[in-house]
């Protein structure tokens, strides 16, 4: 007896459902679980875990007060939660135009300036950068013109400093310190970053002062690692050449030989220094 058309259609749909469930819901996932158990791949499939974390996720090497522990290589800054929090991955969303501090948040420029000074002090090098003041904030002026954007300058304010301005005069006009909470851009000031006399190629590398987009990057540049090598060797009482050899051992080249830049995994490097 021939089945009704509606029943045949439903049985065909049921068979397709069962076959696709078996293939795509069971066989396919189990195949890749099995591939992940192959020696050499198992560790990566399990998240590249080591005794104190994952080599895929950065972490801070600081004390309870947030100060760098001198015997360890330091990671780059992180904006993910309180730092390297996988549940709060993300960046500050601040860009090149973020040069003026607000009462609630320092600008990206000021964050970079402050970090550069801190790293320079830790490593014993010049932490100055272009467009940064000597006290570690963005060197930015609000310049007021008699004609709005043009004409003689009538007033100049150092927008990121409530204390003594980083320059006394600008084009013959005395520079004022900022009043807290005042929006000088809204008042008509032309925001003008001042480059200063800092070297064009700062001693502190960019990745030492700028967070990654995810906030979880476990790597630093070989240049930042080399900057830290003398401190780590001194604090551990070992030969600096040995430290530099370890940096080389934990440096990964460009992907496929041309993508990205060489990087150093900070966690693996520190574990190697600890003998683990």
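Where a number appears in this text, it was derived from the coordinates with a stated rule and is not lab data. Note that this is a predicted model, so its numbers are computed, not measured. For neighbour counting, all protein chains shown are included, and Cβ atoms are generated from backbone atoms with ideal geometry for every residue, glycine included.
Data for the structure
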item	result
Difference of contour (0.36 nm per residue) and Cα-Cα distance, residue 272 to residue 200	22.5 nm
Computed FRET value (nearest 0.05) for residue 97 with residue 145, which takes r as the C-beta separation and R₀ as 25 Å	0.75
Residue of 91, 12, 249 that the Gaussian network model of the chain assigns the largest fluctuation, springs spanning Cα pairs under 10 Å	12
Matching label, Cα extents along the principal axes in Å computed from the structure shown, candidates (i) 102, 62, 38; (ii) 55, 44, 44; (iii) 66, 41, 36	(i)
Net lengthening on full extension, residue 126/residue 82 (0.36 nm per residue, minus Cα-Cα)	13.1 nm
Relative packing of 95-101, 114-120, which averages over residues the other C-beta atoms within 10 Å, highest first	114-120, 95-101
Most mobile of 74, 228, 171 in a GNM of the chain (Cα contacts under 10 Å)	171
Extension gain, residue 135 back to residue 26 (0.36 nm per residue minus Cα-Cα distance, nm)	33.1 nm
Pairwise label distance in nanometres, residue 14 with residue 254, each label 7 Å out on the Cα-Cβ vector	6.0
Förster-model FRET efficiency, 35 Å R0, residue 235 and residue 56, C-beta, rounded to 0.05	0.85
Choice from 57, 194, 153 showing the highest fluctuation, given a GNM over the chain with Cα pairs closer than 10 Å	153
The range 214-233 residues near the modelled residue 261 label - backbone nitrogen below 15 Å, point 7 Å along Cα→Cβ	217-228
